[in-house]
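To keep things clear, I will list the structure first and then write my remarks on it.
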């Protein structure tokens, strides 16, 4: 199992996503979304090249995306109907996954990676 390293920009993204979830949908929705994010990160730790992950091309080669929807059914006690976020990450070594950002799926990862 790989170690997950959540970068500062990704931490800020997660905080923002959860704050929006609380404001727009309430405490229970925020808890469900937080559980989904944790499940997705655990899934990536178990298999960073898992089915559902996609590699970016061009200048962002080596960077991958994983939509939260792919981990939706791994959270037994909660369900999020329509998750809208993508984990943007890279393999930083044989056993390390760097989570670079957590972006809304309508956002272009190229515009949000430095």
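Could you tell me which numbered condition residue 83 fails, if it satisfies all but one of (1) within 14 Å of the chain's Cα centre (by Cα); (2) touching a residue at least 12 places away in the same chain (Cβ under 8 Å); (3) under 17 Å from residue 104 (Cβ atoms); (4) not in a loop (DSSP other than H, G, I, E, B)?
Failing condition for residue 83: (4).
When the residues of region 7-28 are filtered to those that are surrounded by fewer than 18 Cβ atoms within 10 Å (Cβ to Cβ) and touching a residue at least 24 places away in the same chain (Cβ under 8 Å), which remaining residue is nearest to residue 98 (Cα to Cα)? Talk me through it step by step, then tell me what you get.
Within region 7-28, the subset surrounded by fewer than 18 Cβ atoms within 10 Å (Cβ to Cβ) is 7-9, 11-12, 15-16, 18-20, 22-28.
Then keep just the ones that are touching a residue at least 24 places away in the same chain (Cβ under 8 Å); that gives 7, 9.
Details: 7: 7, 9: 11 Å.
Once the filter is applied, the top-ranked residue is 7.
Being without any contact (Cβ under 8 Å) to a residue 24 or more places away in the chain and in contact with a helix residue (DSSP H, G or I) (Cβ under 6 Å, 6 or more places away or on another chain) is the requirement here; does residue 69 meet it? Full working, then the answer.
Working: without any contact (Cβ under 8 Å) to a residue 24 or more places away in the chain: yes; in contact with a helix residue (DSSP H, G or I) (Cβ under 6 Å, 6 or more places away or on another chain): no.
No, not satisfied.
What do you reckon, is residue 56 under 26 Å from residue 111 (Cα atoms) and under 14 Å from the mean Cα position of the chain (by Cα)? Steps first, please.
Details: under 26 Å from residue 111 (Cα atoms): yes; under 14 Å from the mean Cα position of the chain (by Cα): no.
Criteria not met by residue 56.
Yes or no, residue by residue, for (1) modelled with pLDDT of 95 or more; (2) in a helix (DSSP H, G or I); (3) under 25 Å from residue 95 (Cβ atoms):
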position: 1; (1), (2), (3): no, no, yes
position: 5; (1), (2), (3): yes, no, yes
position: 10; (1), (2), (3): yes, yes, yes
position: 14; (1), (2), (3): yes, yes, yes
position: 18; (1), (2), (3): yes, yes, no
position: 31; (1), (2), (3): no, yes, no
position: 40; (1), (2), (3): yes, yes, yes
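Within region 53-99, can you find the residues that are within 30 Å of residue 27 (Cβ to Cβ) and loosely packed, with under 14 Cβ neighbours inside 10 Å? Write out each step before concluding.
At the first step, the residues of region 53-99 found to be within 30 Å of residue 27 (Cβ to Cβ) are 65-89, 97, 99.
Of everything in region 53-99, those that are within 30 Å of residue 27 (Cβ to Cβ) and loosely packed, with under 14 Cβ neighbours inside 10 Å turn out to be 73, 74, 76, 77, 79, 81, 82.
In region 34-47, which residue that is touching a residue at least 24 places away in the same chain (Cβ under 8 Å) and more than 11 Å from the chain's Cα centre (by Cα) is surrounded by the most Cβ atoms within 10 Å (Cβ to Cβ)?
35
The values are calculated or read from the model by the stated rules, or taken from the named source; none is laboratory data. Note that this is a predicted model, so its numbers are computed, not measured. Every residue, glycine among them, receives a Cβ derived from its backbone with ideal geometry; neighbour counts consider all protein chains shown.
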